[in-house]
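Each remark here refers to the structure printed beneath this line.
The values are calculated or read from the model by the stated rules, or taken from the named source; none is laboratory data. What you see is a predicted model; the values in this text were computed from it and never measured. Here the Cβ positions follow ideal geometry from the backbone for every residue, glycine too, while neighbour counts run over all protein chains shown.
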Amino acid sequence: MSRGRQIPKRVIAPDPKYGNITIAKFINFVMERGKKTVAQDIVYSALEILKEKTGNDPLKSFDEVLEKVRPQVEVRSRRVGGANYQIPMPVIGYRQDTLAFRWIIAAASARKGGNMGQKLAAEFLDILEGVGGTMKKKEDVHRMAEANKAFAHFARRR
């Protein structure tokens with residue numbers, strides 16, 4: 001049930017180096033205070049480090065990282081009869097990417113040592129191995145959804 005009309009999604013131009021829209025979106029998430037060239041430098045340096053360490057195409061590695069991090073379910077609060085329930089819901093496409101980007105950047109920022117490009121590359125490598133802060137966050141979200149599966153029937157009622 002939506003209020004008013006749906007706002008159309010903005011079309012984002014592909015990034016200049018790889019011509020990839022997903023990387024352009026990720027750069028926009030990394031960007032702070034409108035400093036896009038700084039964000040591009042950070043992301044591109046992270047992808048270069050990823051290329052050196054894995055020996056694979058950085059685009060394929062980045063896609064693989066995202067595929068591992070994208071959440072399938074999340075919990076959403078819903079008030080039913082005076083009580084708040086955490087209801088597990090499937091995550092739609094664009095929100096999967098949004099959450100993945102947010103978690104990767106938060107986990108990379110929380111790391112110690114090195115600049116943001118190095119931290120991001122280290123986080124990418126950890127994700128490829130199935131460890132690290134981002135993977136922990138995804139597992140926590142999935143665990144919460146699993147624990148609250150009993151309330152899933154509230155999601156179907158309107």
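Here are a few things to note about the model shown:
- Qualifying positions in the range 128-141 - closer than 15 Å to residue 67 by Cβ, touching a residue at least 40 places away in the same chain (Cβ under 8 Å) and not small (Gly, Ala, Ser): 128, 134, 135, 138
- Of the criteria (1) crowded, with 19+ Cβ neighbours inside 10 Å; (2) free of Cβ contacts under 8 Å to residues at least 40 places away in the same chain; (3) farther than 23 Å from residue 28 by Cα, which one residue 113 fails: (1)
- Residue 13 being in contact (Cβ under 8 Å) with a residue 60 or more places away in the chain, of a type in the set (A, V, I, L, M, F, W, C) and more than 30 Å from residue 149 (Cα to Cα): no
- Single residue of the range 23-67 satisfying the filter (at pLDDT 95 or above and of a type in the set (Ser, Thr, Tyr)) that is surrounded by the most Cβ atoms within 10 Å (Cβ to Cβ): 44
- Top-ranked residue in the range 129-158 [being of a type in the set (Gly, Ala, Ser) and either closer than 16 Å to residue 74 by Cβ or in contact with a Gly (Cβ under 8 Å, 6 or more places away or on another chain) (or both); ranked as surrounded by the most Cβ atoms within 10 Å (Cβ to Cβ)]: 145
- Residue pairs meeting the criteria (Cβ under 8 Å; at least 6 apart or on separate chains; first within 25 Å of residue 124 (Cα to Cα) and modelled with pLDDT of 90 or more, in the range 68-90; second acidic (Asp, Glu) and crowded, with 17+ Cβ neighbours inside 10 Å): 70/97
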